[in-house]
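Encoded as structure tokens, the structure appears first; notes follow it.
The values are calculated or read from the model by the stated rules, or taken from the named source; none is laboratory data. On a predicted model such as this, the values are computed, not experimentally measured, just so you know. With ideal geometry, Cβ positions are generated from the backbone for all residues, glycine too; neighbour counts draw on all protein chains shown. What goes into the accessible areas is simple: the full protein's heavy atoms, side chains included, and nothing from ligands, DNA or RNA. Shrake-Rupley method; radii C 1.70, N 1.55, O 1.52, S 1.80 Å.
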Amino acid sequence: MTGRYYLRSFGCQMNEHDAERIRALLEAEGLERVDEPDDAHVLVYNTCTVRKSADDRLAGHLGTAARLKREDPTRVVLVTGCLPQAEQADFFARFPFVDGALGPQNLYRLPELLRAAVEPAGGSPAGFFEDGPRFSGSLASRRERPYQAWVQVMSGCTNFCSYCIVPYVRGPERSRDAAELQREVGELVADGVVEVTLLGQNVNAYGLDRRRGGEAAAPSFTQLLARLDSVDGLRRIRFMTSHPKDLTDDLVAAVAELPTVCEHVHLPAQAGSDRVLRAMGRGYTADEYLDRVRALRAAVPDVNITTDLMAGFPGETEDDFERTMDLVRAARFDAAFTFVYSPRRGTRAADLPGQVPPDVRRERVERLIELTQEQALASRQTWVGRHAEVLIEGASRDGALHRGRTRQNVTVNVAGPVEPGAIVAVEITAATSTTLRGTV
Ligand code: SAM
Ligand code: SF4
């Protein structure tokens, strides 16, 4: 098939990486990417449904798709990702102009979906939603940047936190073979990559599913890091997202000792009240969480610890929420994503009594934002006057400077003669809560 496609992706890094694979699959079919939906014959929306706000945002984009489809009924509208997986048949009832949809576990069937959508059997839309054993982690991907790559080391999640839709739409945890991953990273480095980010919903549980399945010698996440650290030419390894309950002392030591492993751990806390943490099914108490933070800070100089926090989980009282504020004060986060709890159909928390009124959720999240922004600014300011190792990624937003990232995952706007892909020492001269500024 020839023609032009438009791709819009929403949501987390895993989805962004899935979007790279969607690009590779569509381009292998002979399609060429365009930036405007009006110019495309095939429209693809890669969706997220982790919060209601994600659903709402997509509805606007699909409005455009519906209009374009009315103008030219031969256009093909495809929807991939977590939203159609969660809704399945209901999804086609809500969006009747969609020609085909598939869930994250069926990404490899995109070419098949495209063909089925062009020539529908019996005029009905095609949908692929099975919990398939085939793993899309090893699919080819079309990278956005030549120097950086995502590597999906595992898929799915088996934690079933009571608020979260992810285990229902992405299936159980499945780890990829370590030798295959090592080979893949070697190939990426040969292709010019200097930094890889290892992806998994609960990345530090890597390998546990294989061990439970009887492969007693399957490498753990720490062992995987050590193997990838030895890949010649690789300069930086990042990984996300880590679950506090699986942050072993071994892993803390690996972050401290392995030269390529960057000093940044994204460690979602979600809440600070033990009662709420238990109702969420997180598997740790506030003290246990803070113990992990202390272990990291003691072992890893200059480590950045970032987090996800949620306000307004069902039954959260003002006192519970104050425990979250206490945890944040004690942890001194370098950055945080803050969310208002959003009920998701099919999750346990959606049916809990004591849903917190929306204005109370909002007001609490505002307090979290204020506190975590103060902490982020204080963290960035400690870099002023020092040197940081920066990987140059491209031009800064306004085009006047270069933009890069420190090992701690902080964006730096850089002045001076440097090329994208270079790793340079930058003297930091100024800081805001989100970025640093400096000179090579
Ligand atoms: N696996 C990761 C973890 O356990 O931290 C994160 C996955 S989730 C895509 C990213 C974040 O979204 C979570 O850490 C949580 O803070 C937030 N989140 C998930 N479900 C939510 C919900 N129903 N309402 C609000 N925020 C939610
Ligand atoms: Fe969702 Fe919890 Fe799994 Fe993270 S660990 S993806 S929050 S169920």
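Some points to look at:
- Förster radius 30 Å - calculated FRET efficiency between Ala179 and Asp56, Cβ distance, rounded to 0.05: 0.10
- Relative contact order %, the chain, counting alpha carbon pairs below 8 Å whose residues are six or more apart: 10
- Listed as lacking a disulfide-compatible partner in the chain: Cys12, Cys48, Cys82, Cys157, Cys262, by the criterion of no other cysteine Cβ under 4.7 Å.
- For region 342-440, the calculated P(r) over all alpha carbon pairs, in 10 Å bins from 0 to the bin holding the longest distance, is 15, 33, 18, 16, 15, 2 percent.
- Most simply put, the chain has about 30% antiparallel DSSP beta bridges, counting only bridges with both residues inside it.
- Semi-axis lengths, largest first, of the ellipsoid equivalent to region 58-175 are 27, 18, 15 Å, with √(5λ) applied to each eigenvalue of the Cα gyration tensor.
- With both residues required to sit in region 295-440, DSSP beta bridges show an antiparallel share near 60%.
- Computed P(r) (all Cα pairs; region 274-387; 5 Å bins; percent): 2, 11, 20, 22, 19, 12, 8, 4, 2, 1, 0
- Expressed as a whole percent, the accessible area of region 167-255 that falls on carbon and sulfur atoms is 47 (1.4 Å probe).
- Counting only Cα atoms, region 152-201 measures 42, 18, 13 Å along its principal axes, largest extent leading.
- Based on C-alpha pairs under 8 angstrom that are at least 6 apart in sequence, region 110-226 has a relative contact order of 24 percent.
- Global size of region 93-242: 17.7, 54 Å for Rg and Dmax (C-alpha atoms, Rg to one decimal, Dmax whole).
- When the trypsin sites (Lys or Arg not before Pro) in region 339-395 are filtered for DSSP coil states and for at most 14 other beta-carbon atoms within 10 Å of their beta-carbon, the remaining sites are Arg345, Arg386.
- Among beta bridges identified by DSSP and lying wholly in region 45-177, the antiparallel ones come to about 20 percent.
- Calculated from backbone phi, Karplus (6.51, -1.76, 1.60) coupling profile of region 157-162 in Hz, x at Gly/Pro: 7, 10, 7, 6, 3, 5
- Short-range pairs are left out: with C-alpha atoms under 8 Å and at least six residues apart, the relative contact order of region 49-136 is 25 percent.
- Accessible solvent surface per residue of the chain, calculated while the other protein chains remain in place, 1.4 angstrom probe, Å²: 42
- Taking amide H atoms as placed 1.01 Å from N in the peptide plane, the amide H of Gln152 lies under 5 Å from those of Leu199, each 5 or more residues away in sequence or on another chain.
- Residue-averaged [θ]222 nm for the chain, counting only DSSP H segments that reach four residues, each worth -39500 (n - 2.57): -11000 deg cm²/dmol
- Where only C-alpha atoms are counted, convex hull volume of the chain per residue in Å³: 151
- Using only the C-alpha atoms, the convex hull of region 169-291 corresponds to 121 Å³ per residue.
- With all protein chains in place and a 1.4 Å probe, the accessible surface of region 289-417 carries 53 percent carbon and sulfur.
- Whole-Hz ³J(HN,Hα) from phi, Karplus 6.51 cos²θ - 1.76 cosθ + 1.60, for region 388-396, glycine and proline x: 10, 7, 10, 8, 6, 9, x, 7, 5
- Under 5 Å, built H, 5+ apart or other chain: amide partners of Arg407: Glu389
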